[in-house]
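Beneath this line is the structure, given in structure tokens, with notes to follow.
Readers should treat all values here as calculations from the given coordinates under stated rules, not as data from a laboratory. Just so you know, these numbers come straight off a predicted model, no measurement behind them. Counting neighbours? That spans all protein chains shown, and the Cβs are built from the backbone with ideal geometry, glycine included.
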Amino acid sequence: MENTYWNQQGLYQADYDRLVEAMPAMGKCDTVAGEMIRAASKLGYDFYNNGMGNNTSGAINFLAEAGVFPTYHDDETYSTIYEYTRGQVYQGRYDGDGLQCAIERMVNRTIEFILARPELETAPNDTDMHDLSEEDQHWCDECGDEIDYGYVCRYCEEAAYEEEEDEEYEY
């Protein structure tokens, strides 16, 4: 995928750059628009740098509460991104698959939302997106299923144990 914000060729790149430039170097933004672009940028950064391995649920939740995803529980872009915001690692190839397209759509929608409501660029912000973070999820290293603790689920652990037993009896 060539036209991404990550490679400075996003659909609204000039507006994105302007909004990002107005953000503080660290911490919550003073304006609603600033915090919105901070949240969108965090999601994009984590996708392209960390394969969504960090907990970015606060960012997607902030955008949903701000109205970027008006019916977020039924919104495909929101749902696609949300699935990866609590620790599930992206295993794709960054070649325009569903998650990458959803990340780019999310940034587009965030910028469109701000441009349609210019008052957000001066509206005071009292919420830090990180305050909306949810607990991390844990995933089985073998099959990718959600687990409560550890590194592998019960089924993969049992399968590995059975495989070890079978190997002990080979002559």
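For this structure, a couple of remarks:
- Helical contribution to [θ] at 222 nm, DSSP H n ≥ 4, -39,500 (n - 2.57), averaged over the chain, rounded to 500: -14500 deg cm²/dmol
- Short-range pairs are left out: with C-alpha atoms under 8 Å and at least six residues apart, the relative contact order of region 43-124 is 33 percent.
- Label selected from (i) 9.5; (ii) 12.2; (iii) 11.7, the criterion being mean projected area of the Cα convex hull in nm² as computed here: (ii)
- Measuring spread by the Cα atoms of region 20-60 yields a radius of gyration and Dmax of 10.3, 29 Å.
- Counted by Cβ distance under 14 Å from Asp128, the other residues give a net charge of -2, where Lys and Arg count +1 and Asp and Glu count -1.
- Calculated FRET value between Gln137 and Val20, using beta carbons and R₀ = 30 Å, to 0.05: 0.55
- Pairs of Cα atoms nearer than 8 Å and 6+ residues apart set the relative contact order; for the chain it is 25 percent.
- For the chain, a Gaussian network of Cα nodes joined below 10 Å ranks Met23, Met106, Met52 by mean-square fluctuation, and the top entry is Met23.
- Cα Rg, Dmax, region 1-82, angstrom units: 12.7, 34
- Neighbour net charge for Lys28 - beta-carbon separation under 10 angstrom, K R +1, D E -1: -4
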